[in-house]
Amino acid sequence: GQQLNQSPQSMFIQEGEDVSMNCTSSSIFNTWLWYKQDPGEGPVLLIALYKAGELTSNGRLTAQFGITRKDSFLNISASIPSDVGIYFCAVTPGYALNFGKGTSLLVTP
Amino acid sequence: DGGITQSPKYLFRKEGQNVTLSCEQNLNHDAMYWYRQDPGQGLRLIYYSQIVNDFQKGDIAEGYSVSREKKESFPLTVTSAQKNPTAFYLCASSWGTGRNEQFFGPGTRLTVL
């Protein structure tokens, strides 16, 4: 599948800080999805983006679909301990999803 | 409650044995998928099915088999031909057309002893 590059690979922050992570590709995609995975559980869909330039919020989360359709970023504001987990971006070249390798987020109280 | 269930949560298998992982959904989704996740890695597609009685190989189908006899069910068999089967297996489903959001089950952790 198409390779997605997620960065950073991991983040270690204090509670209350804002977080930003991104995902890039060498190919154009028309849909970008962001998932969060808790340890030992399945990924949960956070935000779906369908339009280039689109900025979408879900509570403290904000994601944007890059205007070139080759990237996306996810911001988390005022982080809390339950934000801990792995965040994956995914694109849809066909029926299935291609996932990045994830950004691991650790939040200290 | 609508959702996707996978069973069992943990599974241990002796080398050389086949094992079947269950996946059931009551979301009325047409499409279902199986992914494999290894430590520190993203998800890799094993098989997917867009409709009952039809399925396609994903990127890493070797050593795996599936069936789709009912819309609600998409079991995955890990055969003895799979050389490195220890992994976390995730099942997902989606409407299959148009919007491609996939919804995941809780996963099955398979360990080969």
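The values are calculated or read from the model by the stated rules, or taken from the named source; none is laboratory data. Owing to the predicted nature of the structure, the values given are computational and were not obtained by experimental measurement. Using ideal geometry, Cβ is built from the backbone for each residue, glycine included, and neighbour counts are taken over all protein chains shown. Accessible surface areas use protein heavy atoms only, side chains included; no ligands, DNA or RNA. Shrake-Rupley method; radii C 1.70, N 1.55, O 1.52, S 1.80 Å.
Take B:R44 and tell me if it is charged (D, E, K, R), open to solvent by less than 70 Å² (accessible area, probe 1.4 Å) and under 21 Å from A:K101 (Cα atoms).
Values: charged (D, E, K, R): yes; open to solvent by less than 70 Å² (accessible area, probe 1.4 Å): no; under 21 Å from A:K101 (Cα atoms): yes.
Spelling it out, it is not the case that B:R44 is charged (D, E, K, R), open to solvent by less than 70 Å² (accessible area, probe 1.4 Å) and under 21 Å from A:K101 (Cα atoms).
Find the residue count for the stretch B:31-41, including only residues that are open to solvent by 50 Å² or more (accessible area, probe 1.4 Å) and facing chain A (nearest Cβ under 10 Å). Steps first, please.
Taking the stretch B:31-41 first, the residues open to solvent by 50 Å² or more (accessible area, probe 1.4 Å) are B:39-41.
Keeping just the survivors that are facing chain A (nearest Cβ under 10 Å) gives B:40-41.
Total satisfying the criteria: 2.
List every residue pair whose Cβ atoms sit under 6 Å apart, with the two residues 6 or more apart in sequence or on different chains, where the first one lies in the stretch B:75-92 and is in contact (Cβ under 8 Å) with a residue 24 or more places away in the chain and among the hydrophobic types (A, V, I, L, M, F, W, C) and the second, anywhere, is surrounded by fewer than 15 Cβ atoms within 10 Å (Cβ to Cβ) and part of a loop (DSSP other than H, G, I, E, B).
Close Cβ pairs satisfying both conditions: B:A87/B:D38.
Anything in the stretch A:25-50 that is within 16 Å of the chain's Cα centre (by Cα) and open to solvent by 50 Å² or more (accessible area, probe 1.4 Å)? List them, or say none.
Those that are within 16 Å of the chain's Cα centre (by Cα) and open to solvent by 50 Å² or more (accessible area, probe 1.4 Å): A:N30, A:D38, A:V44, A:Y50.
Scan the stretch A:11-24 residue by residue and report those that are part of a strand (DSSP E or B), in contact (Cβ under 8 Å) with a residue 60 or more places away in the chain and surrounded by fewer than 18 Cβ atoms within 10 Å (Cβ to Cβ).
Scanning the stretch A:11-24 gives A:F12, A:I13, A:Q14.
Cβ-Cβ below 9 Å, separation at least six or inter-chain, first residue in the stretch B:42-69 and within 27 Å of A:I86 (Cβ to Cβ) and within 9 Å of chain A (Cβ to nearest Cβ), second assigned to a loop (DSSP other than H, G, I, E, B) and hydroxyl-bearing (S, T, Y): which pairs?
The qualifying pairs are B:Y48/A:Y95.
If A:V91 passes every condition in (1) out of contact with any strand residue (DSSP E or B) (no Cβ under 8 Å at 6 or more places or on another chain); (2) modelled with pLDDT under 95 but one, which one does it miss?
(1)
Within the stretch A:55-101, take every residue that is of a type in the set (D, E, K, R) and in a loop (DSSP other than H, G, I, E, B) and give me the one that is farthest from A:T31 (Cα to Cα).
A:R60
Answer yes or no: is there a residue in the stretch A:61-68 that is free of Cβ contacts under 8 Å to residues at least 24 places away in the same chain, within 14 Å of A:I86 (Cβ to Cβ) and open to solvent by 10 Å² or more (accessible area, probe 1.4 Å).
no
Name the single residue that is nearest to A:I86 (Cα to Cα) among those in the stretch B:72-85 being outside any strand (DSSP E or B) and under 14 Å from the mean Cα position of the chain (by Cα).
Per the criteria, the residue is B:P85.
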